[in-house]
1. Would you check if GLU214 is among the charged types (D, E, K, R), over 19 Å from SER76 (Cα atoms) and touching a residue at least 40 places away in the same chain (Cβ under 8 Å)?
2. Can you find a residue that is under 19 Å from the mean Cα position of the chain (by Cα), closer than 21 Å to ALA116 by Cβ and modelled with pLDDT of 95 or more anywhere in the range 171-178?
3. Please go through (1) more than 16 Å from ARG103 (Cα to Cα); (2) charged (D, E, K, R); (3) modelled with pLDDT of 85 or more for GLU214 and return the number of the only condition it doesn't satisfy.
4. In the range 131-171, which residues are surrounded by fewer than 15 Cβ atoms within 10 Å (Cβ to Cβ) and either of a type in the set (Ser, Thr, Tyr) or touching a residue at least 40 places away in the same chain (Cβ under 8 Å) (or both)?
5. Condition (residue is out of contact with any His (no Cβ under 8 Å at 6 or more places or on another chain), of a type outside the set (Asp, Glu), surrounded by fewer than 18 Cβ atoms within 10 Å (Cβ to Cβ) and assigned to a loop (DSSP other than H, G, I, E, B)) applied to the range 200-208: is it met by at least one residue?
6. Go through the range 172-189 and give me each residue that's part of a helix (DSSP H, G or I) and touching a residue at least 60 places away in the same chain (Cβ under 8 Å).
7. Please verify whether the range 223-230 includes one or more residues that are part of a loop (DSSP other than H, G, I, E, B), of a type in the set (Lys, Arg) and under 19 Å from the mean Cα position of the chain (by Cα).
Amino acid sequence: ASCQISCYSSASTEPDAAATSSANQLTAAVSASCGSASWQVGAEEDWRLANEQLCQPLLPAVSATDGRPADGREISPETLASALTGKLDSTLDGHSLVIVDCRFPYEWSAGRVKGAINIYMPDQLLEMMFEQRMQSQVVLVFYCEFSSERAPRLAGLLRGSDRQRSLLQGIYPSLLYPQLCLLRGGYRAFNSDWPDLCQPSGYVKMSEPAYAAECASCVSQLNAWERMKHQQRRRQFRRRRLVRNLSDCSMD
């Protein structure tokens with residue numbers, strides 16, 4: 001998804017060509033990072049396993065539109081607004097609502113859904129969810145600017161990691177976080193419809209030229225994490241190959 005950004009402000013001006021070009025380059029870099037293999041840990045399959053087979057989603061899913069599935073993984077801005085204002089307390093059935101804003105810090109600082117925590121790095125998400133652990137049953141709602149790239153990738157990473165943990169512990173299909181969904185339309189849609197439930201209520205798009213340096217820094221962090229994971233996978237592959245070769249030699 002495009003991260004070309006502008007600021008929702010009466011003082012906004014058209015960016016010059018150089019700034020726009022720089023923002024577009026950052027957009028491409030983020031798209032490349034989010035599309036890399038390690039971000040796609042069986043996301044589509046795991047969504048189905050968790051939301052269709054293992055449990056019924058507590059929050060009502062949006063209807064299918066434009067060929068997009070209504071499988072329990074997306075909720076509407078109206079549903080989130082109802083949950084935030086206490087209208088769905090009985091529906092949540094004692095679960096706590098945890099809202100994860102997957103945008104970059106400068107986007108989050110300008111405006112966010114009330115109570116949302118800012119997590120944009122994969123390692124930060126995994127540490128919070130598996131090392132610190134939530135103390136109660138939760139419904140996790142992920143969003144980014146449009147909920148089309150960063151939020152789905154992080155949600156998919158969490159689902160895949162949760163599934164791997166379950167398999168390794170021999171408790172599959174039990175999951176720590178079966179209630180996992182995306183906010184359709186992301187912060188942009190929610191902020192447009194429910195600004196009173198955003199605090200603060202501003203909106204800065206991801207590739208706003210004024211924040212090019214901050215965007216580049218965040219992209220650099222994501223790329224560094226991706227390189228680290230790639231190196232880890234290579235080392236694991238080499239170890240497995242060495243063990244296999246040694247096993248073959250012992251059988252000769």
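1. Numbers: among the charged types (D, E, K, R): yes; over 19 Å from SER76 (Cα atoms): yes; touching a residue at least 40 places away in the same chain (Cβ under 8 Å): yes.
When the stated conditions are applied, GLU214 passes them.
2. no
3. With (1) more than 16 Å from ARG103 (Cα to Cα); (2) charged (D, E, K, R); (3) modelled with pLDDT of 85 or more applied to GLU214, the lone miss is (1).
4. ARG133, MET134, SER136, GLN164
5. Filtering the range 200-208 down to residues out of contact with any His (no Cβ under 8 Å at 6 or more places or on another chain) leaves 200-208.
Subset that is of a type outside the set (Asp, Glu): 200-207.
Remaining after also requiring surrounded by fewer than 18 Cβ atoms within 10 Å (Cβ to Cβ): 200-202.
Okay, now just the ones that are also assigned to a loop (DSSP other than H, G, I, E, B), so 202.
So far as the range 200-208 goes, yes, one or more of its residues are out of contact with any His (no Cβ under 8 Å at 6 or more places or on another chain), of a type outside the set (Asp, Glu), surrounded by fewer than 18 Cβ atoms within 10 Å (Cβ to Cβ) and assigned to a loop (DSSP other than H, G, I, E, B).
6. Kept after step one, since they are part of a helix (DSSP H, G or I), are these residues of the range 172-189: 186-189.
Residues satisfying the conditions are TYR187, ALA189.
7. Step one: filter the range 223-230 for residues part of a loop (DSSP other than H, G, I, E, B), giving none.
Within the range 223-230 (the criterion being part of a loop (DSSP other than H, G, I, E, B), of a type in the set (Lys, Arg) and under 19 Å from the mean Cα position of the chain (by Cα)), the answer is no, since none of the residues qualifies.
Conditions tested, residue by residue: (1) at pLDDT 50 or above; (2) surrounded by 13 or more Cβ atoms within 10 Å (Cβ to Cβ).
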residue: ALA32; (1), (2): no, yes
residue: GLY42; (1), (2): no, yes
residue: ASP66; (1), (2): yes, no
residue: ARG73; (1), (2): yes, yes
residue: GLU78; (1), (2): yes, yes
residue: ALA81; (1), (2): yes, yes
residue: LYS87; (1), (2): yes, no
residue: ASP93; (1), (2): yes, no
residue: ASP101; (1), (2): yes, yes
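The values are calculated or read from the model by the stated rules, or taken from the named source; none is laboratory data. Only a predicted model underlies this, so the values are computations on that prediction, with no experimental measurement involved. Don't worry about glycine lacking a Cβ; one is built from the backbone with ideal geometry, like all the others, and counts go over all protein chains shown.
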